[in-house]
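What follows is one structure encoded as structure tokens, with my remarks underneath.
Nothing in this text is a laboratory measurement; each read-out follows from the coordinates by a stated rule. Keep in mind the model is a prediction, meaning the values are calculated, not measured. Reconstructed Cβ throughout: ideal geometry from the backbone, glycine too, with neighbour counts over all protein chains shown.
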């Protein structure tokens, strides 16, 4: 058997009418030769058929509409302009399915699924937001006395009732957007009700005038930083630039430094109490942040500047990470959860804002070390559209590192995102409370077939100064969200629980 999915042509009309009559039980012929000629003439890509052994036995017809101009809740005949198809708009945003049928002798071959898949590919190729279609409810008349249309649809969703049209459409990733009344006058089987069905194109990119649209293949550069003493601040900045230069040379989109990677500069204040020493270090933060922002622009790379101490206008000390965009913009995140040691030795305060940052490489989040051990923060960021989570950390022992690592892996799986962690290694004997470090920087992924079996994209050698350069694909996250083996974000019971900020 030779099966092909291809564009429909006018020479297929005789086969088309024969299959249509068989599909609809010989009740009239909806599409005339002129109808098909008009559709092929105005939108040839949208008219699809399945040919089996040289004979057209299935067909899908469609137009493109602008949902701002065409009311998709109107009756079917209005949407297709009484068969003139004047509602077709080549600059529209949605593919509107006006017909799908399969010759009954060939329905066991699942040819309808092939047509739906071809429509989805067409939608992606034309960069349309999705597919809309009105769907009959051919079995509703058998239950109309006991069930409202909404109740009927819910039972079909739960597979308590089989409806040949709706069951098929739901199985092909369509969802019911609305119930339509008086959709097809005279459709007694459906009691003139229909469903407005929608399939969303996860690859849709809104038309934008931005000079640099969001990238989908992102290169991450993680710096596993060696703690060492520096003769002065300038020497520290030179070491930072060395790594930015090295990683940007590989075409990285992001560079991630560890938490408190500037603490070697506390050495001159080691004679002071740790609280005062950290506040002295905070006086250097603005200078370092400005230097790193300049590097981000000069080397054309977004930099997550680890974290550094910062004293605000009311003299509160925070642990702050700066996102230095390569376009010159700077944003900050203040660590929310302060560890007992940070409270005891430094008197630090926790921040009160959790939000994603829009970059030229998608939406990213930042959590600093201990923060990643609280799943609520990751979930809030995921609800805001986070695709990559950056976690600068500092751990002195292996068990401390394992807490951060395992929690970071959990955040990647439960929030269907990438998580990059970067820490410091080595010893810093001349700085109190910062004397030893343990780290193994890594990039974690969700756990499904499109990702590594162990959900670890890459990891550094433990306790060795190095850089880790890793590519991640944002499209895989979209596919996972829609078609994953499990769908953690989609399947949450928001009717039972939810996580939200107290604002």
Can you sort 168, 261 so the residue with the fewest Cβ neighbours within 10 Å comes first?
-> 168, 261
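Rounded to the nearest 0.05, what FRET efficiency do residue 433 and residue 241 have when you use their Cβ-Cβ distance and R0 = 22 Å? It would help to have the intermediate numbers written out before the result.
Details: r = 27 Å, r/R0 = 1.24.
So the FRET efficiency works out to roughly 0.20.
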Distance in nm between pseudo-label sites at residue 374 and residue 84 (7 Å out along the Cβ direction from Cα) | 6.2 nm
What label, among (i) 26.3; (ii) 22.9; (iii) 24.2, belongs to Kirkwood radius over Cα pairs in Å computed from the structure on display?
-> (i)
Under a plain spin-label model, where a point goes 7 Å from the Cα along Cα-to-Cβ, how far apart in nm are residue 147 and residue 466?
-> 5.9 nm
What residues of the range 220-246 lie in the reach of a label at residue 330, counting those whose backbone N is under 20 Å from a point 7 Å from the Cα along Cα→Cβ?
-> 233-245
Given a Förster distance of 45 Å, the FRET efficiency implied by the Cβ-Cβ spacing of residue 127 and residue 270, rounded to the nearest 0.05, works out to 0.15
Work out the FRET efficiency for residue 410 and residue 300 from their Cβ-Cβ distance, taking R0 = 45 Å, and round it to the nearest 0.05.
-> 0.85
So, in nm, how far is label residue 286 from label residue 498 when the simple model puts each one 7 Å beyond its Cα toward the Cβ?
-> 4.1 nm
Where both partners of a DSSP beta bridge lie in the chain, what percent of those bridges are antiparallel, to the nearest 5?
-> 75 percent
